[in-house]
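Here the structure comes first, spelled out in structure tokens, and everything after it is commentary.
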Amino acid sequence: MPVPAPRLWYDAPMRNLSGLTIALLLAAAVAVLAVLFQFAEQRRATSTKLAFAGGGFLYNYRIAEVRYGLTMRVVNPVPIGTHLEVTFENPAGGDPFVVTRSLGSDTSLVGVESPALPDVATGRDYAVVIRLRDRVTNAVLETHERRLRTNIEPTVMPKKPLTIGPGYHRNPDIGDGDPAARTGAQATE
């Protein structure tokens, strides 16, 4: 007597289904996938793309400059070429400083520094506005606002840069004992 072929787990259910039933099951699966895809796209479009990772004032004693600096973390994908626009308040009261960076698909952290700042006051809040802009329409996709404050007196900075050039060579305009090499606090003593 011949031995019947073993039945596999997927053989029995498929024999009893008609073509119409299979078509309905496939249509239902496609509909569920479409709804899940739509939900994921909607969530991606409304979710925050950037998060503030850190920031403050950067004091570079060697070149006698104070700058704003901040870092933003990309937490959700952004289209290639999206622009990060950062507006820094001008401590001297003039036009704000605007710095723009282009983001790529592999960007996870973005660091931004302002130009050198004049007249930074201790204990005062300075406004920083971060905007994410579409590369084609320039429409604002997202806005973040921060306030930065320093507790370091601007008098700690020397009057002239102590070093020059990419190798941080000693500034030839400043000699030993030159008052320009001293900070504002030292010069008044």
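Assorted remarks:
- Total residues in region 34-51, condition loosely packed, with under 14 Cβ neighbours inside 10 Å and in a strand (DSSP E or B): 1
- Selected residue [modelled with pLDDT of 85 or more and under 30 Å from GLU153 (Cβ atoms)] from GLY94, GLY81: GLY94
- Taken as a whole, the structure places THR150 among residues that are closer than 30 Å to THR48 by Cβ, touching a residue at least 12 places away in the same chain (Cβ under 8 Å), in the same structural domain as PRO79 (by TED's automatic domain parsing) and surrounded by 10 or more Cβ atoms within 10 Å (Cβ to Cβ).
- Residue list for region 115-164, restricted to those being under 12 Å from VAL86 (Cβ atoms) and among the acidic types (Asp, Glu): GLU145
- Qualifying residue in region 96-113 (condition: out of contact with any Phe, Trp or Tyr (no Cβ under 9 Å at 6 or more places or on another chain), at positive phi and not in a strand (DSSP E or B)): no
The values are calculated or read from the model by the stated rules, or taken from the named source; none is laboratory data. Remember, predicted model here, so these are calculated numbers, not experimental data. Backbone-built Cβ (ideal geometry, glycine too); neighbour counts: all protein chains shown.
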